[in-house]
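**Student:** Take a look at this one; I'll ask things after.
The values are calculated or read from the model by the stated rules, or taken from the named source; none is laboratory data. Since we're looking at a predicted model, the values are computed, not measured. With ideal geometry, Cβ positions are generated from the backbone for all residues, glycine too; neighbour counts draw on all protein chains shown.
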Amino acid sequence: MNGENFNLFLTLVKLKFYIVSMVDSPSAGKTFYLTEEFLERRAPEWKSEILSTLKSHNIKNDAAIAFDDAIVLKFRKIADEKEQHTSLSSILNNLEIVSKALSSSSADEYRSEREQLAHSILEDLFQLSSNWVLHKELENRFDEYSVLDEEEVIRPDEAEKLDMLNSNTDNSFKMISDLTTNYINQLADYYFKFGGDIHLKDFWRDLEKIKKDIIARYRELFNSFGLER
């Protein structure tokens, strides 16, 4: 993580500690009042961007920042995404895949649309990479609490964290699945609009095989528990 993005991450962590010191319970802090007040003092140049980014990551108010056990991981993800977008811009510039203003000529319109779709596909791949890193961290934390549960030495507060981690891990994997689906859809869109004589028949055949394998695995799973599907 470069210096600017680390400073963003550090600012977000300080924001959490500040709100924790000011909010007593999840029932309080239903707005971004404390967040806005903190950013206005400590990072006015980032205030609008941070507020917009928090909302885009489904972080809805001060209470969510104070009482979400996974909030620091989400902050790390936000900082990593900012770094990846910066890196992505550099990569796109090096590859000369830069969005251009649409001109009156059909050739320029075609090129611009193609470059924008390529840009979107690359963003999906970076998002997938970032979400896999977050998912791995969630699974590792889930495993730590699961060991305590298996040994029957888990405390009530740890059991609550285990349930929350289980939910967060499920949501993380769903996000990965959704991003993968979106990537495949955009790949198909790119192929039929700009693929020319490129052939993807083998690729689509592999996707059909994956679909059949998943159906077969579900059937085996239900049969192993004496269920019919």
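**Student:** Suppose we filter 10, 39 for residues that are assigned to a helix (DSSP H, G or I), over 10 Å from residue 65 (Cβ atoms) and at pLDDT 90 or above; which single one remains?
**Tutor:** Values: 10 fails: at pLDDT 90 or above.
From the options 10, 39, the qualifying one is 39.
**Student:** Checking residue 216 against (1) at pLDDT 80 or above; (2) not in a helix (DSSP H, G or I): exactly one of these is not met. Which one?
**Tutor:** Status for residue 216: all satisfied but (2).
**Student:** Within region 31-49, identify whether any single residue is of a type in the set (Asp, Glu) and under 25 Å from residue 136 (Cα atoms), and answer yes or no. Show your work before the answer.
**Tutor:** Filtering region 31-49 down to residues of a type in the set (Asp, Glu) leaves 36-37, 40, 45, 49.
The next check asks that each one be under 25 Å from residue 136 (Cα atoms); those that pass are none.
The answer is no; no qualifying residue exists.
**Student:** Is region 204-219 home to any residue that is surrounded by 11 or more Cβ atoms within 10 Å (Cβ to Cβ) and either touching a Pro at 6+ places or on another chain (Cβ under 6 Å) or within 30 Å of residue 107 (Cα to Cα) (or both)?
**Tutor:** yes
**Student:** Still on this structure, please answer the following. Going by the structure shown, is residue 164 modelled with pLDDT of 75 or more, within 22 Å of residue 71 (Cβ to Cβ) and part of a helix (DSSP H, G or I)? Don't jump to the end; show me each part of the working.
**Tutor:** Values: modelled with pLDDT of 75 or more: no; within 22 Å of residue 71 (Cβ to Cβ): yes; part of a helix (DSSP H, G or I): yes.
No, not satisfied.
**Student:** Same structure again: Taking into account only those residues within region 42-71 that are acidic (Asp, Glu) and in a loop (DSSP other than H, G, I, E, B), which is surrounded by the fewest Cβ atoms within 10 Å (Cβ to Cβ)? Before the answer, list the steps.
**Tutor:** We begin by selecting, within region 42-71, every residue acidic (Asp, Glu); these are 45, 49, 62, 68-69.
Add one more test, that the residue is in a loop (DSSP other than H, G, I, E, B), and what stays is 68-69.
On the way: 68: 16, 69: 12.
So the residue we want is 69.
**Student:** Collect the residues in region 4-42 that are in contact (Cβ under 8 Å) with a residue 60 or more places away in the chain and touching a Gly at 6+ places or on another chain (Cβ under 6 Å), keeping them in residue-number order.
**Tutor:** Residues satisfying the conditions do not exist here.
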